[in-house]
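> Please see the structure below; I have some questions.
The values are calculated or read from the model by the stated rules, or taken from the named source; none is laboratory data. Everything numeric here is computed off the predicted structure, so don't read it as measured data. Here the Cβ positions follow ideal geometry from the backbone for every residue, glycine too, while neighbour counts run over all protein chains shown.
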Amino acid sequence: MAHDTLAMPSEVVDLYSFPLPGIEEARYILRELDWGEHFIGIEMNPAAGNRDIYIYSLKEAAQFLRYGTAGMGLSTGGKGAISWFDMDKLVAWVRNDLRDPVLADAIAHDTSLEEAYYGKVQKLGRLIDMRYAQLTDLVASADKQ
């Protein structure tokens, strides 16, 4: 795997297997978007209030969910926060702006199976991590050749 991705547990990888895109398609999905193509996530913090987080790439979406102050959606303690995405808008952004219908379909399907937001964001984070790892590995392999 690429050095800045996470190794997915085998049971997670077995849950979902994304078809491999072509190299140019992978590069296109991984690109940084321009202003107006961004997605807005919200970091909700009881002490500091809500803060809009502008997301311009699949990598930034993964980082917001996994590494932000609200790692994988939720953080505990007195200063805990929630990373919030409107799932329908996120699916539309992934499909129409990132141009990754495979990931968009997976997010729509898997998050619809969960009632609680925590369950949705856990699945969302895993799907984004897996797709990001797959695409970065594919591009890194192509660049080595």
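> Within the range 115-145, can you find the residues that are touching a Lys or Arg at 6+ places or on another chain (Cβ under 9 Å), over 18 Å from Asp105 (Cα atoms) and of a type outside the set (A, V, I, L, M)?
Thr136
> Being assigned to a helix (DSSP H, G or I) and among the β-branched types (Val, Ile, Thr) is the filter here, so list the residues in the range 37-61 that pass it.
Restricting attention to the range 37-61, the residues satisfying the condition of being assigned to a helix (DSSP H, G or I) are 58-61.
Correct list: empty.
> Could I ask something else about it? So Leu138 fits all but one of (1) part of a helix (DSSP H, G or I); (2) modelled with pLDDT under 95; (3) surrounded by 22 or more Cβ atoms within 10 Å (Cβ to Cβ); what number is the exception?
(3)
> Would you mention how many residues in the range 101-135 are touching an Asp or Glu at 6+ places or on another chain (Cβ under 6 Å) and surrounded by fewer than 15 Cβ atoms within 10 Å (Cβ to Cβ)?
Total satisfying the criteria: 0.
> For the range 46-93, enumerate the residues that are crowded, with 16+ Cβ neighbours inside 10 Å, within 19 Å of Leu30 (Cβ to Cβ) and modelled with pLDDT under 75.
Selection gives Arg66 alone.
> State whether the residues of the range 16-31 include one that is under 17 Å from Val121 (Cα atoms), modelled with pLDDT under 90 and not in a loop (DSSP other than H, G, I, E, B).
Restricting attention to the range 16-31, the residues satisfying the condition of being under 17 Å from Val121 (Cα atoms) are 16.
Remaining after also requiring modelled with pLDDT under 90: 16.
Cutting the leftovers down to not in a loop (DSSP other than H, G, I, E, B) gives us none.
No, the range 16-31 contains no residue that is under 17 Å from Val121 (Cα atoms), modelled with pLDDT under 90 and not in a loop (DSSP other than H, G, I, E, B).
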